[in-house]
Amino acid sequence: MAIYPGAFDTHSDSQLTENITNIVFPQIVELLTKPITASKEPAAVSKPTDIVFTGTIDEVNRHFVDKKWGDGMAVIPPTKERVEEFLQYTDLSPDTEIAILPAANLRATPWNIAVNGVMAGCRPEYMPILIAFVKAINEPSSFGFGFGSTHSWIPYLWTNGPLARQLGIDSGQGLISHPANAVIGRTLGLIVMNLAGFRIKESRMGTYGYTASWALSEDEESCLEIGWEPYHVQKGFNLNDSTVSATTSTMWGQNNIPAVSDITPEIAMQLIAREMAYKSTFASGTSIAQRTVLITPSVAKVIASGGYTKQSLEEDLIKTTRLTTYEFTFSQVYGSFGAKYLPFQEQLESNLKSSMAEKGKWPPWYPKFPGWEEISTTPYSAAGRTAILVCGDRSRNKTQTLPGAPVVTKKIDLPAKWDTLMQKAGYRPLKEFFLNG
């Protein structure tokens, strides 16, 4: 690996040229011409079932951190017996190749997925959800390759269907902090670390690090009460199919609070649009921008009373969620968003300068002057790029926008003996959690 010294986006063209010529290029030459010395010792071949360590719980945890297998919090030792208990909840053989995950290009199998589930504290019956997540981040349309980005993309998932209700994955107050949700979320982080190979200070290069991954579930009963389709139904699945939708976000962030007593559906929509505009990412203003919008049932009910469906709400959000062209151009010209390397750089700079010349010196982020409302605006996204989920505390009036990457949804495959296993584990039958839509 050839390393550039410092933050290149803060360097002048002359500094870039000097550093590339005198520092980076010599590294490349040396790395390409240095003789490769083959090891005399053959590489040790290990089996997934090999015992890698034996010790006390404290010794195990220290060893796992030293080997960069752990996230720093205490892990449950993945003994053979614990892993085999997880494997009961899939019909796949332990060594089935489910995915080859970049950047390390490691094989994800039921065995090593189960190992990470055990470490995180998951229950064995969560295994089908973990397998579906791995399948989702293996899709070409997934943003899995971005897990190492300096923007600190955080993987998360949500569940739809009766399985979430059977397992008690929370869709209400508490949501991502409910014990079932929390341990599933933690497993996602371990999977990204151990199976995709993204480790901090090596290949997971978030500038300020990463918050913990999270998991949630949509409140489908509230959806049906107000006449909205749950997310997985929007995507072509049956109401009583169980699915996992996987994506990433750069933040959790502040709630939006539509709190006016006589609020109209249109005003509620506009408040969400405002939140979306100011939780923008580098992709704002292009068709690749993606948002997941969480809406509590009370706010969703107000919006639905105006005749909105999820689809028509997205359509109005696209029309309404905008940045002024000045703000968008300012961020593209002076921000590290890639515009300086694109063909329209000169046009962007021209737009910015002509706007400032016409209106005088504008404050940099939210210009206000006579007639500023008439300035052109730039939309934030395109159709099909907004996932709208009804969830959270039914007694509160909140929305939450999560800027992120494309969503991939996978059906959860259950083993043939699922009902028998769940009965032994003390759960009610899956069919008791079916809904009538």
Across region 14-38, what is the total count of residues that are over 13 Å from MET1 (Cα atoms) and either assigned to a helix (DSSP H, G or I) or of a type in the set (Val, Ile, Thr) (or both)?
12
Sort out which residues of region 400-424 are under 19 Å from ASP241 (Cβ atoms) and outside any strand (DSSP E or B), and write them in order of number.
VAL407, ILE412, ASP413, LEU414, PRO415, ALA416, TRP418, ASP419, MET422
Return the pairs, sorted by first residue and then second, in which the second residue is outside any loop (DSSP other than H, G, I, E, B) and of a type in the set (Ser, Thr, Tyr), the first residue lies in region 157-177 and is more than 17 Å from LYS410 (Cβ to Cβ), the beta carbons are less than 6 Å apart, and the residues are 6+ apart or on different chains.
SER171/SER217
When you look at GLN166, is it within 23 Å of SER298 (Cα to Cα) and not aliphatic (A, V, I, L, M), yes or no?
no
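A quick yes/no check of all residues on (1) buried (at least 23 other Cβ atoms within 10 Å of the Cβ); (2) touching a Ser or Thr at 6+ places or on another chain (Cβ under 8 Å); (3) within 19 Å of CYS391 (Cα to Cα); (4) not β-branched (Val, Ile, Thr):
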position	(1), (2), (3), (4)
GLY121	no, no, no, yes
MET127	yes, yes, no, yes
ALA136	yes, yes, no, yes
PRO140	no, no, no, yes
PHE143	no, yes, no, yes
LEU157	yes, yes, yes, yes
GLY168	no, no, yes, yes
Residues of region 223-267 classified as without any contact (Cβ under 8 Å) to a residue 60 or more places away in the chain and under 30 Å from MET205 (Cα atoms), total:
1
Is there a residue being touching a residue at least 12 places away in the same chain (Cβ under 8 Å), closer than 27 Å to SER203 by Cβ, surrounded by 20 or more Cβ atoms within 10 Å (Cβ to Cβ) and touching a Phe, Trp or Tyr at 6+ places or on another chain (Cβ under 6 Å) anywhere in region 83-97?
no
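With a cut-off of at least 3 residues that are of a type in the set (Asp, Glu), out of contact with any Lys or Arg (no Cβ under 6 Å at 6 or more places or on another chain) and farther than 17 Å from GLY185 by Cβ, name the helices (runs of 4 or more DSSP H) lying wholly within region 39-143. First the steps, then the outcome.
Values: elements: 57-66, 80-87, 110-120, 127-137.
Of the helices (runs of 4 or more DSSP H) lying wholly inside region 39-143, those with at least 3 residues that are of a type in the set (Asp, Glu), out of contact with any Lys or Arg (no Cβ under 6 Å at 6 or more places or on another chain) and farther than 17 Å from GLY185 by Cβ span 57-66, 80-87.
Is it true that some residue in region 174-184 is touching a Ser or Thr at 6+ places or on another chain (Cβ under 7 Å) and of a type outside the set (Lys, Arg)?
The first filter runs over region 174-184 and keeps only residues touching a Ser or Thr at 6+ places or on another chain (Cβ under 7 Å), leaving none.
No, every residue in region 174-184 fails to be touching a Ser or Thr at 6+ places or on another chain (Cβ under 7 Å) and of a type outside the set (Lys, Arg).
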Considering region 157-192 alone, what residues qualify as being of a type in the set (Ser, Thr, Tyr) and either over 21 Å from ALA104 (Cβ atoms) or at pLDDT below 95 (or both)?
THR159, SER171, SER177
In region 400-424, anything surrounded by 12 or more Cβ atoms within 10 Å (Cβ to Cβ) and among the aliphatic types (A, V, I, L, M) is listed as LEU402, ALA405, VAL407, VAL408, ILE412, LEU414, LEU421, MET422
Considering every residue within region 166-176, establish whether at least one is within 14 Å of the chain's Cα centre (by Cα), under 28 Å from GLU432 (Cβ atoms) and not in a helix (DSSP H, G or I).
no
Take the residues of region 106-117 that are buried (at least 23 other Cβ atoms within 10 Å of the Cβ) and in contact with a Ser or Thr (Cβ under 8 Å, 6 or more places away or on another chain): which is nearest to GLY209 (Cα to Cα)?
ASN116
For residues that are of a type in the set (Val, Ile, Thr) and closer than 25 Å to VAL118 by Cα, scanning just region 27-63, find the one that is modelled with the lowest pLDDT.
VAL45
Index of the failed condition, PRO102 passing every other in (1) on the phi < 0 side of the Ramachandran plot; (2) loosely packed, with under 12 Cβ neighbours inside 10 Å; (3) at pLDDT below 95; (4) not hydroxyl-bearing (Ser, Thr, Tyr):
(2)
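The values are calculated or read from the model by the stated rules, or taken from the named source; none is laboratory data. What you are looking at is a predicted structure, and each value in this text was computed from that prediction instead of being measured. Counting neighbours? That spans all protein chains shown, and the Cβs are built from the backbone with ideal geometry, glycine included.
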